[in-house]
Amino acid sequence: MCLAIPSKIIEKDQFRATVDVYGARREINLMLMPEDVEIGDYVLVHAGFAIQKVDETAAQEALKVINTIIEDVSKEMEDAGVDSPQSYG
């Protein structure tokens with residue numbers, strides 16, 4: 001199973017960009033992108049590579065689903081007495 005995270009481009013330099021997800025900033029590679037992207041665009045990021053541009057509405061909806069999953073897993077871990085990851089959002 002693969003997971004691509006919607007991420008907002010906040011800096012760009014030719015084939016590299018910095019993206020923001022829940023306040024975490026990561027450097028990614030743009031070489032696999034079939035189209036040009038600009039600062040403010042959302043892209044799907046998998047294994048450090050941007051693989052597809054997505055519109056902001058779709059990105060926000062996907063991030064809401066991801067946050068719900070994180071919250072659910074955290075609750076299950078708490079109920080099981082296991083240290084849970086921090087919820088983002």
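None of the figures in this text is laboratory data; all of them are computed from the coordinates on show. Just so you know, these numbers come straight off a predicted model, no measurement behind them. Heads up, the Cβs are rebuilt from the backbone with ideal geometry, glycines too, and the neighbour counts pull from every protein chain shown.
Residues whose amide H comes within less than 5 Å of that of D41, counting only those at least five positions distant or on another chain, are I9 (H built at 1.01 Å from N in the peptide plane). Taking the Cα centre of the chain as reference, the dipole from Cβ charges on Lys and Arg (+1) and Asp and Glu (-1) amounts to some 220 debye. Whole-Hz Karplus values for segment 53-66 come out as 7, 10, 6, 4, 4, 5, 4, 5, 5, 5, 5, 5, 5, 4 Hz, taken residue by residue from phi with 6.51 cos²θ - 1.76 cosθ + 1.60 and θ = phi - 60°; glycine and proline positions read x.
When the alpha carbon coordinates of segment 5-79 are projected onto the principal axes, the ranges are 47, 22, 18 Å, largest first. For L32, the residues whose modelled amide H falls within less than 5 Å of its own, excluding neighbours fewer than 5 places apart on the same chain, are A50.
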